[in-house]
Protein chains: 2
Amino acid sequence: MSGHESAVSRLRAQGYRMTPQRLSVLDIVARRTGHVGADEVWNLAREEHPYVDLATIYRTLQWLKGLGVVTEVIIGNKLHFEMADHHNPHNHMVCSVCDGVQTLTPDYLAEFSQRLEQEFGFSPNLDNITIGGMCNQCRAVT
Amino acid sequence: MSGHESAVSRLRAQGYRMTPQRLSVLDIVARRTGHVGADEVWNLAREEHPYVDLATIYRTLQWLKGLGVVTEVIIGNKLHFEMADHHNPHNHMVCSVCDGVQTLTPDYLAEFSQRLEQEFGFSPNLDNITIGGMCNQCRAVT
DNA sequence: TCCGTTAATGCAAAAATTTGCGCCAGCAAA
DNA sequence: TTTGCTGGCGCAAATTTTTGCATTAACGGA
């Protein structure tokens with residue numbers, strides 16, 4: 001266990017059942033510095049619980065994402081996840097050439113977000129947004 | 001044919017082979033006002049060319065997207081496409097509750113884009129970005 | 001018009017993700 | 001501790017999208 005006990009107790013307090021599968025997924029994502037692929041979470045989870053199903057991994061990850069506990073990053077057509085750091089929230093820029101990931105503080109998106117809210121009444125959910133493009137190095141090569 | 005001849009001749013001039021499949025996909029997307037799902041493009045294309053493969057549809061759509069001819073919109077876990085309107089470019093906001101789509105002129109994203117470029121040397125490709133969130137009506141209901 | 005090059009297709013399979021359903025187990029209350 | 005409710009899980013299948021490979025056909029040049 002590495003510092004996600006608060007998340008666990010908060011979830012339990014909200015009435016969610018904390019199954020071994022969920023604890024395992026949470027533990028795996030929390031342990032990792034940086035993002036993990038869904039398949040990778042599955043493989044690691046199976047070391048502890050050999051019977052755990054991939055569908056459960058996906059369902060758990062989507063659930064945690066919806067609750068703001070984890071953040072989704074799309075890297076080359078695959079979903080990755082990392083612990084949402086509420087003390088240091090950030091978005092991601094992913095280079096489509098090298099799949100490199102850079103982070104971005106949300107204030108870069110703040111004005112944009114506010115305008116959508118004010119002018120359209122649309123509440124964007126930008127927590128899990130991934131900005132695609134080309135990074136500095138890859139652009140230099142071309 | 002409905003006004004995408006210029007795209008066709010431009011593509012041909014660039015050395016791409018304009019196969020019946022490609023013309024068909026282009027025709028289907030151009031005819032439609034608004035977005036089409038990949039599966040829908042396939043079904044329509046098969047009316048003309050019964051043997052056309054779904055993989056070809058996907059490949060063609062990705063190809064056109066890369067060339068800026070069509071724009072991708074992600075609606076509820078499915079890819080949709082529409083003709084890129086260079087006279088009136090826009091992005092999309094999709095409500096995760098009702099799957100409704102609203103459009104957005106790119107100047108809403110312009111400042112954000114410039115900052116990424118200037119401060120990180122990262123060239124974002126925002127042409128095909130889909131902003132998820134909740135629309136006015138759905139928020140009112142909740 | 002015919003030919004050669006090679007890009008694009010069809011086909012089949014894989015990869016990635018989601019969903020329906022019946023059973024099981026987490027957890028609160030007795 | 002036992003029980004009951006029901007949310008969550010495993011399983012299997014479906015969906016959606018991508019990929020490898022052999023064959024085909026677009027199109028410029030002879």
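The values are calculated or read from the model by the stated rules, or taken from the named source; none is laboratory data. Quick caveat: nothing in here was measured; it's all calculated off a predicted structure. Ideal geometry is used to build each Cβ from the backbone, glycine not excepted, and the neighbour counts take in all protein chains shown.
Here is a check on your reading of the model: is A:L116 modelled with pLDDT of 95 or more and assigned to a loop (DSSP other than H, G, I, E, B)? Considered against the rule, which asks whether it is modelled with pLDDT of 95 or more and assigned to a loop (DSSP other than H, G, I, E, B), A:L116 comes out as no.
All but one of (1) outside the structural domain of B:S24 (by TED's automatic domain parsing); (2) modelled with pLDDT of 95 or more; (3) not in a helix (DSSP H, G or I) hold for B:C98, so report the exception by its number. Every listed condition holds for B:C98 apart from (2). Once region A:62-78 is narrowed to residues that are in contact with a helix residue (DSSP H, G or I) (Cβ under 9 Å, 6 or more places away or on another chain) and within 14 Å of chain B (Cβ to nearest Cβ), the residue that is nearest to DNA strand C (Cβ to nearest atom) is A:E72. When region B:21-36 is filtered for residues that are within 14 Å of DNA strand C (Cβ to nearest atom) and either within 16 Å of B:A55 (Cβ to Cβ) or surrounded by fewer than 12 Cβ atoms within 10 Å (Cβ to Cβ) (or both), the ones remaining, listed by number, are B:Q21, B:R22, B:S24, B:V25.
Residue-by-condition table, conditions (1) part of a helix (DSSP H, G or I); (2) of a type in the set (K, R):
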residue	(1), (2)
A:R17	no, yes
A:I28	yes, no
A:G34	no, no
A:V41	yes, no
A:E47	yes, no
A:P50	no, no
A:A55	yes, no
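Filtering region B:119-142 to residues that are farther than 27 Å from A:A140 by Cα and either at the interface with chain A (Cβ under 7 Å from one of its Cβ atoms) or over 21 Å from the mean Cα position of the chain (by Cα) (or both) leaves B:I131, B:G132, B:G133, B:M134, B:C135, B:N136, B:Q137, B:C138, B:R139, B:A140, B:V141, B:T142. Looking only at residues in region B:90-118 that are farther than 21 Å from A:Q62 by Cα and among the charged types (D, E, K, R), the one that is nearest to the chain's Cα centre (by Cα) is B:D107.
B:L67 fulfils the conditions (1) within 13 Å of the chain's Cα centre (by Cα); (2) closer than 18 Å to B:E40 by Cβ except for a single criterion, (2).
Please work out if B:T56 is more than 14 Å from chain A (Cβ to nearest Cβ) and more than 10 Å from DNA strand D (Cβ to nearest atom). Please lay out each step first, then the result.
Values: more than 14 Å from chain A (Cβ to nearest Cβ): yes; more than 10 Å from DNA strand D (Cβ to nearest atom): no.
Judged against the criteria, B:T56 is not a match.
Looking only at region B:102-112, residues that are more than 7 Å from chain A (Cβ to nearest Cβ) and buried (at least 19 other Cβ atoms within 10 Å of the Cβ) come to 1 in all. All of (1) β-branched (V, I, T); (2) within 14 Å of DNA strand D (Cβ to nearest atom); (3) modelled with pLDDT of 95 or more hold for A:V8 with one exception: (3).
Looking at region B:79-101, is at least one residue more than 14 Å from every other protein chain (Cβ to nearest Cβ), touching a helix residue (DSSP H, G or I) at 6+ places or on another chain (Cβ under 6 Å) and on the phi < 0 side of the Ramachandran plot? Yes, because at least one residue in region B:79-101 is more than 14 Å from every other protein chain (Cβ to nearest Cβ), touching a helix residue (DSSP H, G or I) at 6+ places or on another chain (Cβ under 6 Å) and on the phi < 0 side of the Ramachandran plot.
Only residues that are in a loop (DSSP other than H, G, I, E, B) and surrounded by 11 or more Cβ atoms within 10 Å (Cβ to Cβ) were counted across region A:3-15, and they come to 1. The set of residues in region B:53-79 being more than 26 Å from B:C98 (Cα to Cα) and buried (at least 20 other Cβ atoms within 10 Å of the Cβ) consists of B:I57, B:T60, B:L64, B:V69.
I'm trying to understand the selection: among the residues of region B:41-52, which are surrounded by 17 or more Cβ atoms within 10 Å (Cβ to Cβ) and within 10 Å of DNA strand D (Cβ to nearest atom)?
Going through region B:41-52, the residues surrounded by 17 or more Cβ atoms within 10 Å (Cβ to Cβ) turn out to be B:41-42, B:44-45, B:52.
Within region B:41-52, B:V41, B:W42 qualify.
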